[in-house]
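Take a look at the structure below.
Each value in this text was obtained by applying a stated rule to the coordinates, not by laboratory testing. Because the structure is predicted, anything quoted here is derived from the model rather than measured. A quick note on method: Cβ atoms are made from the backbone with ideal geometry, for glycine too, and the neighbour counts reach across all protein chains shown.
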Amino acid sequence: MIVLGIDAGASSTRWLLQAETGQELAQGKLGPLTGHIFKEDDRLENRARLDQLIRDVLAAGKPGAVAIGMTGLHPGTEAARFYETALQTAFALEARHVELSNDMHIAYASVFEPGEGVLAYAGTGAVGYHETEAGVVLRSGGYGYLIDDAGAGYWIGHEGIKQVMRWVDETGQVATQVLAQVIYDDVGSTVWPEIMEVIYGGGRSRVAALAPKVALAAKQGDEAALEILERAGQELARLANCILGRLGKALPVTFAGGISRLSPVLTQSLERSLKAHTAFKVESGEPVQAAAKLAFKLLQKT
């Protein structure tokens, strides 16, 4: 038997086709698939990416079950029905063999059993997350970049380029700090009209792509970059601390998502800022693998 696991985030989507033996048959990566479908243009864009994913998967094999964790997806919504119908039709699957859930459910399942701990997750966005043994979900954050998501990839990249342009304001000249140089190199210009074209043309994912440049500058000792990463860790700890406070007890905290591998400065800041007596670790596994495991469970349903 073959299954398909999909981890669909705000910046990119990863998929894994896996055999029952655990053998990886194929994997791939493409642009973001999201549950944030509010306009017809959103639908068309996501449909085009989904069609590409389906073609890529079928070129490697036909899954008998599909599990997908997706940013912004909520059961029973029009977006959920859209994806369910498309996947069932494309792979000729019964509804019981296709499960769609929020990406945080998949991420949590990759590190904890229900009730075991709190997940501090940071990719393009940031969320604190816990599932009780009774299946109740506690969340903090996850409001998107227009409202918050402090400490996540977009926020770090945004803080970085914002600082660079403020240095320009102060002197009226091209900034010379390390952080400025790595960001100038990344966007390919020191001239505002050209920087504007790159950033505004690329949107949220292009700003999030600057986060590794902030980490690079911090590694080279840039004080502004170090301060950004320090604050990022504090913000992500706040999300976990909110969940721990609502639970009223100490539980292990796991830091996961793409930003968990960004910088030891950020990770250490997060750990220092957690509530006392809380065990902490960083998860190196991938949510797409947890999605594949969930898909295998679907095959057991009769």
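From the mean inverse distance of alpha carbon pairs (Kirkwood) and the Cα radius of gyration, derive Rg over Rh for segment 114-284.
On the Cα set of segment 114-284, Rg over Rh gives 1.04.
For the chain, count the residues as N, evaluate 2.2 N^0.38 Å, and divide the Cα radius of gyration by that value, please.
Rg over 2.2 N^0.38 Å, computed on Cα atoms: 1.05.
Please report the spacing between the Cα centers of segment 139-168 and segment 233-260 in Å, no decimals.
Between the Cα centre of segment 139-168 and that of segment 233-260, the gap is 19 Å.
Using a 10 Å Cβ count of at most 10 others and DSSP loop calls, identify the longest part of the chain lacking such trypsin sites (Lys or Arg not before Pro).
Longest run free of exposed loop sites: 40-248.
Tell me the chymotrypsin sites (Phe, Trp or Tyr not before Pro) within segment 64-172 that lie in a loop according to DSSP and have at most 16 other beta-carbon atoms within 10 Å.
143
Beyond 28 Å, what share of the Cα-Cα pairs of segment 43-190 is found? Please give it as a whole percent.
43 percent
What number, rounded to the nearest 500 deg cm²/dmol, is the helix-based mean residue ellipticity at 222 nm of the chain, given -39500 (n - 2.57) per DSSP H run of at least four residues and division by all its residues?
-15500 deg cm²/dmol
Could you calculate the contour length gain from residue 45 to residue 299, that is, 0.36 nm times the residue separation minus the distance between their Cα atoms, to one decimal place in nm?
Full extension of this stretch gives 88.4 nm more.
Return the percentage of antiparallel bridges among DSSP beta bridges fully within segment 114-284, rounded to the nearest 5 %.
Counting DSSP beta bridges with both partners in segment 114-284, the antiparallel share is about 55 percent.
Which value in nm describes the separation of the simple spin-label points at residue 275 and residue 81, placed 7 Å from the Cα toward the beta carbon?
4.0 nm
For residue 1 paired with residue 177, estimate the spin-label separation in nm (one decimal), with each label point 7 Å from Cα along the Cα-to-Cβ line.
Each label point lies 7 Å from its Cα, and together they span 5.5 nm.
At a Förster distance of 30 Å, what's the computed FRET efficiency of residue 268 paired with residue 189, Cβ-Cβ distance as r, to 0.05?
0.35
Roughly how many whole Å is it from the C-alpha centroid of segment 1-50 to that of segment 58-116?
Spelled out, the Cα-based centre of one part sits 9 Å from the other.
For the chain, with a Gaussian network of springs between Cα atoms less than 10 Å apart, report the residue from 58, 33, 229 with the top mean-square fluctuation.
Ranking 58, 33, 229 by mean-square fluctuation puts 58 first.
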